[in-house]
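Below you'll find the structure, written out as structure tokens, and then a few comments.
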Amino acid sequence: MNACIRAVVRTAIFRGVEVYGIQHGYEGMIEGNIKRMYSHSVSNIVQRGGTILKSARSVGFTTTEGRKLAYDSLKAHGIDGLIGIGGDGTFTGAKLFYEEFGIPTVGCPGTIDNDLYGTDYTIGFDTAVNTALEAIDKIRDTAAAHDRIFFVEVMGRDAGFIAVECGIGGGAEFVMIPESKTDLDEVVKSLRNLRKTKSSSIIVVAEGDEAGNAETIKEYVKNTLNDPKKDFKVTTLGHIQRGGNPTARDRVLASRCGMAAVEGLLAGQQFHLAGVVNNQVVYTPFADCIGKHKPLNPDHLKLIDILNI
Ligand code: F6P
């Protein structure tokens, strides 16, 4: 997100527009926590994870009173257009805000989950996948050395994009994701067959899988497989996936989206997401991005099934 903030600030200044940073997202807008930003305000942040603006979810902005206070703060600073980095929640709020107060917002796609319409990839996804992958590579060494079955839980409350990419890149035997029903008995059956050719396995579980979390799934598989010689382990990667230095791909995507958001706002876009589709900047109305579930690439799921034999 920092690379995106940097691109927004510098593109605005390049275009002769005053730019302000709102701390703590919509909550800061309500409280008037707004500061002028300059080119030097975003120096030395392109390589840093997280966000210098500390944007976060806001309960206040879901109420009409909260949005009215936010509008008053913007007016007090002479702000007449917004750029928001986020996902569904951010853009749902922005759309309402435009309808009620006429303040336009152009959005940049910021979520590690990649589950956003209007862009092929979201800012943070590539970094999260690479962080998880590095961990999986290390776990694989122990799995192979001690003939273990490892269940690695990755983020993805509602979406399996991280799990699928890690599954392919990390050579997982199985990937369990919220988008498809997990048949644990089928997994047990396959693990029995795999025993003939493989002594260890990696199973990637998205945290939102409907069969449960990695611990619950491990217990079921362990009890059903009932092989006293096999050792089962769980690693939950958790929030390490949300931080760290962004990958080159993420920095470039964030910079492109940030610049595109400013250009879009100046060109009169009012409630659009600035994303990158087929390597081209594309503006998609929020209404077409929110509340939808971006489908996984079915070829990716097929790949996992074929490559795990
Ligand atoms: O934005 C969605 C997500 O990345 C989920 O995959 C994950 O469960 C969640 O964020 C974690 O968010 P928090 O740190 O706020 O609990």
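The values are calculated or read from the model by the stated rules, or taken from the named source; none is laboratory data. Keep in mind that what you see is a predicted model, and the values were worked out from it rather than measured. Cβ: placed from backbone, ideal geometry, glycine included. Neighbour counts: every protein chain shown. Areas reflect the complete protein model, heavy atoms only, side chains present, ligands, DNA and RNA absent. Shrake-Rupley method; radii C 1.70, N 1.55, O 1.52, S 1.80 Å.
Summary table below
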| read-out | value |
| --- | --- |
| Antiparallel bridges, percent of DSSP beta bridges restricted to the chain (to nearest 5) | 30 percent |
| Theoretical gain in end-to-end length, VAL188 to ILE309 [0.36 nm per residue, Cα-Cα removed] | 42.1 nm |
| Nearest-20 debye value, the stretch 122-256 charge dipole, Cβ charges on Lys, Arg, Asp, Glu | 400 debye |
| Extreme residue, positive dipole direction of the stretch 229-309, given options ALA274, HIS293, ILE240 (C-beta unit charges) | ILE240 |
| Entries in LYS189/LYS233; LYS54/LYS292; LYS54/LYS95; LYS198/LYS294; LYS218/LYS292; LYS138/LYS222 that, when Cα-Cα distance is taken, lie over 28 Å | LYS198/LYS294; LYS218/LYS292 |
| Förster radius 25 Å - calculated FRET efficiency between VAL282 and ARG48, Cβ distance, rounded to 0.05 | 0.35 |
| Where labels lie 7 Å past Cα in the beta-carbon direction, separation of ARG157 and ASP137 in nm | 3.1 nm |
| Semi-axis lengths, Å, the stretch 139-234, gyration tensor of Cα atoms, sqrt of 5 times eigenvalues | 20, 15, 11 |
| Cα centroid of the stretch 239-269 to Cα centroid of the stretch 62-130, whole Å | 13 Å |
| GNM flexibility winner over the chain from LYS230, LYS196, LYS95 (Cα, springs under 10 Å) | LYS196 |
| Rg/Rh for the stretch 1-139, where both radii come from Cα atoms and Rh is the Kirkwood radius | 1.00 |
| Along each principal axis, Cα extent of the stretch 101-179, largest first, Å | 62, 22, 18 |
| Residue-by-residue Karplus 3J(HN,Hα) for the stretch 279-290, coefficients 6.51, -1.76, 1.60, Hz, glycine and proline x | 6, 10, 5, 9, 9, 10, x, 3, 4, 8, 9, 8 |
| Cβ-Cβ FRET estimate between ARG15 and THR62, R0 fixed at 35 Å, reported to 0.05 | 0.60 |
| Span per principal axis, largest first, for the Cα atoms of the stretch 189-309 (Å) | 66, 29, 27 |
| Karplus 3J(HN,Hα) series, Hz, for the stretch 44-49 with 6.51 cos²θ - 1.76 cosθ + 1.60 (x for Gly, Pro) | 6, 10, 4, 9, 9, x |
| Per DSSP, loop chymotrypsin sites (Phe, Trp or Tyr not before Pro) in the stretch 1-77 with at most 14 further Cβ within 10 Å | TYR38 |
| Long-range amide H partners of MET176 with built H, under 5 Å | VAL204, VAL205, ALA206 |
| Phi-based couplings in Hz for the stretch 26-33 (Karplus 6.51, -1.76, 1.60; Gly and Pro marked x) | 4, 4, x, 5, 5, 7, x, 7 |
| Among CYS108, CYS257, CYS289, residue whose mean-square fluctuation peaks in a GNM of the chain (springs only between Cα atoms under 10 Å) | CYS289 |
| Charge-dipole axis of the chain as Lys and Arg at +1 and Asp and Glu at -1 on Cβ define it, positive-most pick from PHE150, ASN226, ILE304 | PHE150 |
| Surface share of carbon and sulfur [accessible, 1.4 angstrom probe, percent] for the stretch 26-147 | 51 percent |
| Cα centre as origin, Lys/Arg/Asp/Glu Cβ charges: the stretch 1-156 dipole, Debye | 620 debye |
| Diffusion coefficient, µm² s⁻¹, Stokes-Einstein with Kirkwood Rh over alpha-carbon pairs of the chain at 20 °C and 1.002 mPa s | 103 µm²/s |
| 222 nm mean residue ellipticity, helices alone, for the chain (DSSP H n ≥ 4; -39,500 (n - 2.57); rounded to 500) | -13500 deg cm²/dmol |
| Unpaired by the 4.7 Å Cβ criterion, cysteines found in the chain | CYS4, CYS166, CYS289 |
| Assigned charges on the beta-carbon of Lys, Arg, Asp, Glu; the stretch 116-190 dipole about Cα centre (debye) | 140 debye |
